[in-house]
Amino acid sequence: MTDQDTSSYLRAYLEELRETGAEYLSGQPQHVRPVTAEAAPIVAESTVDQSAALVETLVDIRNDLGDCHRCALGDGRTTLVFGVGNPQAKLVFVGEAPGRDEDLQGEPFVGAAGQLLTKIIQAMGLQRGDVYICNVLKCRPPQNRDPQPEEVEACSGFMLRQIQAIGPVVLVALGKFAAQTLLQNQTPISKLRGQFHDYHGIPLMPTFHPSALLRDETLKRPVWEDMQLVMQRLGLQLPEKKG
Ligand code: URA
């Protein structure tokens, strides 16, 4: 990359951040929950520059969202589902949008798919509180229909700001919608998964959505393969192979 490429890239990135309402750069650690012992083996370092003097926190971003009505989903929601977990997580999971349970409880991935996600996290030797979990959309689409482009346009910048504020080492996109939105392409999830992609300088692993695993058990193996690649990147110990 030439200096000119780098400065065009940075300008475009700052422009994108400004459009979402960001007034300064992110990255300063804040604290809400302690990292548990299970997270201790994570040795990988974030590639996100945490040295910016002017920073925004997850609390700033939540305050900026406020009682959001930037799109029509704000009228139908029970609760705005911002995100949950460690604000300094090395690993961030991004899903599509809250479902019924999440809308009622105000926390992402708490329904059946969420319980399976919790098991996947635990199989990686972590707890939910070690990682951070959020969605591209913060409000439930009616009858869980697919998110509309104007909803993604209004909301996805907040997810980018959340990711920048946390500064994770690795991102996991759960399902086709999150993966295609983050990567800005229409490639099928079956082709995207299994390898790292780049999201604003952070390695991104797309994988199947837990709700797809609930419908099709054969997807469990590829998801576990993807999570083992993620564990390797994080410096987490892989389980010993049986036999
Ligand atoms: N599916 C998602 O993509 N996100 C949730 O929070 C729940 C279900």
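Just so it is clear, none of the values below were taken in a lab; they were calculated from the coordinates. Only a predicted model underlies this, so the values are computations on that prediction, with no experimental measurement involved. Because the Cβ atoms are built from the backbone with ideal geometry, glycine has one as well, and the counts that use them run over all protein chains shown.
A few comments on the model shown:
- Residue pairs whose Cβ atoms lie under 8 Å apart, separated by 6 or more positions or on different chains, with the first residue in the range 60-84 and without any contact (Cβ under 8 Å) to a residue 60 or more places away in the chain and the second of a type in the set (D, E, K, R) and exposed (fewer than 15 other Cβ atoms within 10 Å of the Cβ), are H69/D75; L80/D67.
- Selection status of G95, within 13 Å of the ligand (Cβ to nearest atom), crowded, with 22+ Cβ neighbours inside 10 Å and within 28 Å of M231 (Cα to Cα): yes
- Residue match in the range 203-222 (condition: among the hydroxyl-bearing types (S, T, Y) and within 30 Å of R161 (Cβ to Cβ)): yes
- Restricting the first member to the range 111-133 and to residues that are polar (S, T, N, Q), and the second to residues that are away from the ligand (no atom under 13 Å from the Cβ), the beta-carbon pairs closer than 8 Å and six or more apart or on different chains are Q127/T36; Q127/E38; Q127/A39; Q127/I121.
- Enumeration of residues in the range 151-180 that are within 16 Å of the ligand (Cβ to nearest atom) and on the phi > 0 side of the Ramachandran plot: G175
- Residue check for P206: touching a strand residue (DSSP E or B) at 6+ places or on another chain (Cβ under 9 Å) and closer than 25 Å to D64 by Cα: no
- Qualifying residues in the range 103-140 (those that are charged (D, E, K, R) and within 12 Å of the ligand (Cβ to nearest atom)) - the one farthest from G85 (Cα to Cα): R140
- Residues (over 14 Å from I120 (Cα atoms) and of a type outside the set (K, R)) located in the range 96-109: E96, A97, P98, G99, D101, E102, D103, L104, Q105, G106, E107, P108
- Any chance Q164 is within 16 Å of G85 (Cα to Cα), in contact (Cβ under 8 Å) with a residue 40 or more places away in the chain and touching a His at 6+ places or on another chain (Cβ under 9 Å): yes
- Selection of first residues in the range 222-235 that are under 11 Å from M205 (Cα atoms) and of second residues that are hydroxyl-bearing (S, T, Y), restricted to Cβ pairs under 6 Å at least 6 apart or on distinct chains, gives the following pairs, ordered by first then second residue: V223/T207; D226/T207.
- Search result, residues across the range 163-179 that are closer than 16 Å to G114 by Cα and surrounded by 24 or more Cβ atoms within 10 Å (Cβ to Cβ): V172, A173, L174, A178
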